[in-house]
Amino acid sequence: MDKAWEMLDCSEVRWAIDTRLQEWAQEYNWTWQAGFNGRSGGYLVLYQGGLNRKNARTARCDLCGRSTWHKADTPCTTDGCIGLLRVLPEPEPKIITWPGRSVDQGEDFSQWYMSDLRKRVRLVCSFDRLCDDVVDIFVGFCRDYEMVETEVLVPTTIKTLQPTTGD
């Protein structure tokens, strides 16, 4: 149990799980997404969402990765960045999510067409398989790895005052 709790803080574990969640959302063109919810992020939730193409970003800095709406290659506008904002081959829409928006809560399924019900059942089964995938990923990390703490020294520059020599 302790090992599992430690794994939750590991960036590699989060990255692997987030990657799987993004792959699943892409299969649905971001119309359906999954994310963690609860006080400790303890369960997966099905969200509605989509892509905002109206405000799609058109350029990205080749150095810092900042996205903008520039229509031509231009120097990056981020302070201190010497990169170039390059126009993207296709505008990059923003992913939108509606957390808290209920999915089928209070829905009267007797009014649905059979084809729509089948589509919803396929979605729920797909979400269920996604949850199994996430559990498998996490259990795999717990089984195959152990958490090791490593101390990393980071050099930093500080400024101090020294008396002038009077020359």
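The values are calculated or read from the model by the stated rules, or taken from the named source; none is laboratory data. Keep in mind that what you see is a predicted model, and the values were worked out from it rather than measured. All Cβ positions, even for glycine, are placed from backbone atoms using ideal geometry, and neighbour counts span all protein chains on display.
What the table shows:
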{"read-out": "Selected residue (only one of Arg120, Arg66 is farther than 30 Å from Met1 by Cα, more than 23 Å from the chain's Cα centre (by Cα), of a type in the set (D, E, K, R) and surrounded by 14 or more Cβ atoms within 10 Å (Cβ to Cβ))", "value": "Arg120"}
{"read-out": "Some residue of segment 53-63 being under 19 Å from the mean Cα position of the chain (by Cα) and either closer than 30 Å to Phe141 by Cα or touching a residue at least 40 places away in the same chain (Cβ under 8 Å) (or both)", "value": "yes"}
{"read-out": "So Trp98, is it of a type outside the set (Lys, Arg), under 20 Å from the mean Cα position of the chain (by Cα) and at pLDDT 90 or above", "value": "no"}
{"read-out": "Pair list, Cβ < 6 Å and 6+ apart or interchain, from segment 92-121 residues that are under 22 Å from Asn37 (Cα atoms) to residues that are part of a loop (DSSP other than H, G, I, E, B)", "value": "Ile95/Trp30"}
{"read-out": "Residues (in contact (Cβ under 8 Å) with a residue 60 or more places away in the chain, under 14 Å from Ile17 (Cα atoms) and more than 19 Å from the chain's Cα centre (by Cα)) located in segment 126-151", "value": "Phe141, Cys142"}
{"read-out": "Residue check for Leu84: surrounded by 11 or more Cβ atoms within 10 Å (Cβ to Cβ), farther than 23 Å from Gln33 by Cα, more than 24 Å from the chain's Cα centre (by Cα) and not acidic (Asp, Glu)", "value": "yes"}
{"read-out": "Any pair with Cβ under 6 angstrom, 6 or more apart, that starts in segment 23-45 at a residue that is surrounded by 11 or more Cβ atoms within 10 Å (Cβ to Cβ) and ends at one that is among the hydrophobic types (A, V, I, L, M, F, W, C) and not in a strand (DSSP E or B)", "value": "Trp24/Leu130; Gln33/Ala25; Ala34/Leu21; Ala34/Leu130; Leu44/Cys131"}
{"read-out": "Flag for Trp112 being of a type in the set (Phe, Trp, Tyr), in contact with a strand residue (DSSP E or B) (Cβ under 7 Å, 6 or more places away or on another chain) and modelled with pLDDT of 90 or more", "value": "no"}
